[in-house]
Amino acid sequence: MNNTEKIITEIKGFHRDIEAWFRGEKDQSGLYKKLMSGFDVDFNMVTGNGDTISLAAFSEWLPEAYGKFPERSIIIENIEVQTTERHGLASYIEIQTTGAKVTRRKSSAVFIIREEKVLWLHLIENWI
């Protein structure tokens, strides 16, 4: 699998897992470990509201969201990826639907590639 394929697989897998997390569909402990294992220790994100969140803040928030949105679905569209040997830059559209509410965001993510592992380093979300 080349680096572009690794990043696309990571993006799709993470969103599949976070959807299961929001729905409360899988073992909480195992899924939490799986979700958190995909992040570099220096990870941070800028939300659609302009707030910056560190990995520590994300890891504290995540348990609060478990099972909170049992009807939420997440669709990822238009993934575009550029890579080097050790880094990747991806952009994609994320569509979250919860009941009648639909939110869309354009996301850009920087990844670190370490051998076969792709780690999220930075994520920026912009509301559409």
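Residues in region 63-76: is at least one under 22 Å from ASN2 (Cα atoms) and modelled with pLDDT of 95 or more? Yes: one or more hits. Against the conditions (1) free of Cβ contacts under 8 Å to residues at least 12 places away in the same chain; (2) surrounded by 13 or more Cβ atoms within 10 Å (Cβ to Cβ), GLU60 satisfies every one except (2).
Would you confirm, using the coordinates I've provided, whether ILE53 is among the aliphatic types (A, V, I, L, M), modelled with pLDDT of 95 or more, within 17 Å of ASN126 (Cα to Cα) and surrounded by 14 or more Cβ atoms within 10 Å (Cβ to Cβ)?
Spelling it out, ILE53 is indeed among the aliphatic types (A, V, I, L, M), modelled with pLDDT of 95 or more, within 17 Å of ASN126 (Cα to Cα) and surrounded by 14 or more Cβ atoms within 10 Å (Cβ to Cβ).
Which of (1) farther than 16 Å from GLU125 by Cα; (2) outside any helix (DSSP H, G or I); (3) without any contact (Cβ under 8 Å) to a residue 12 or more places away in the chain does GLU85 not meet, given it meets every other one? Unmet for GLU85, out of (1) farther than 16 Å from GLU125 by Cα; (2) outside any helix (DSSP H, G or I); (3) without any contact (Cβ under 8 Å) to a residue 12 or more places away in the chain: (3). Could you list, in sequence order, the residues of region 1-28 that are surrounded by 13 or more Cβ atoms within 10 Å (Cβ to Cβ) and more than 25 Å from PRO70 (Cα to Cα)? Matches in region 1-28: ASN3, THR4, LYS6, ILE7, ILE8. Restricting ASP27, ASP40 to residues that are more than 21 Å from ILE93 (Cβ to Cβ) and touching a residue at least 40 places away in the same chain (Cβ under 8 Å) narrows the list to ASP40.
Among the residues of region 110-128, count how many are on the phi < 0 side of the Ramachandran plot and either in contact with a helix residue (DSSP H, G or I) (Cβ under 7 Å, 6 or more places away or on another chain) or not in a strand (DSSP E or B) (or both).
As a first pass, look at region 110-128 and keep what is on the phi < 0 side of the Ramachandran plot: 110-114, 116-128.
Subsequent filtering for residues that are either in contact with a helix residue (DSSP H, G or I) (Cβ under 7 Å, 6 or more places away or on another chain) or not in a strand (DSSP E or B) (or both) retains 111, 113, 116, 118, 128.
Count: 5.
Evaluation of ILE8 against the conditions (1) within 22 Å of ILE128 (Cβ to Cβ); (2) in contact (Cβ under 8 Å) with a residue 60 or more places away in the chain; (3) in contact with an Asp or Glu (Cβ under 7 Å, 6 or more places away or on another chain); (4) not hydroxyl-bearing (Ser, Thr, Tyr) shows that the sole unmet condition is (3). All of LYS34, LYS106, LYS6 fail the test of being more than 14 Å from LEU123 (Cα to Cα) and touching a strand residue (DSSP E or B) at 6+ places or on another chain (Cβ under 9 Å), apart from LYS6. Within this structure, GLU85 passes the test of being among the charged types (D, E, K, R) and over 14 Å from the mean Cα position of the chain (by Cα). VAL102 meets all of the listed conditions (1) farther than 18 Å from ARG16 by Cα; (2) loosely packed, with under 13 Cβ neighbours inside 10 Å; (3) among the β-branched types (Val, Ile, Thr) but one, namely (1).
The values are calculated or read from the model by the stated rules, or taken from the named source; none is laboratory data. Bear in mind the structure is a predicted one, so any value in this text is a computation, not a measurement. Glycine also receives a Cβ, built like all others from the backbone with ideal geometry; neighbour counts cover every protein chain displayed.
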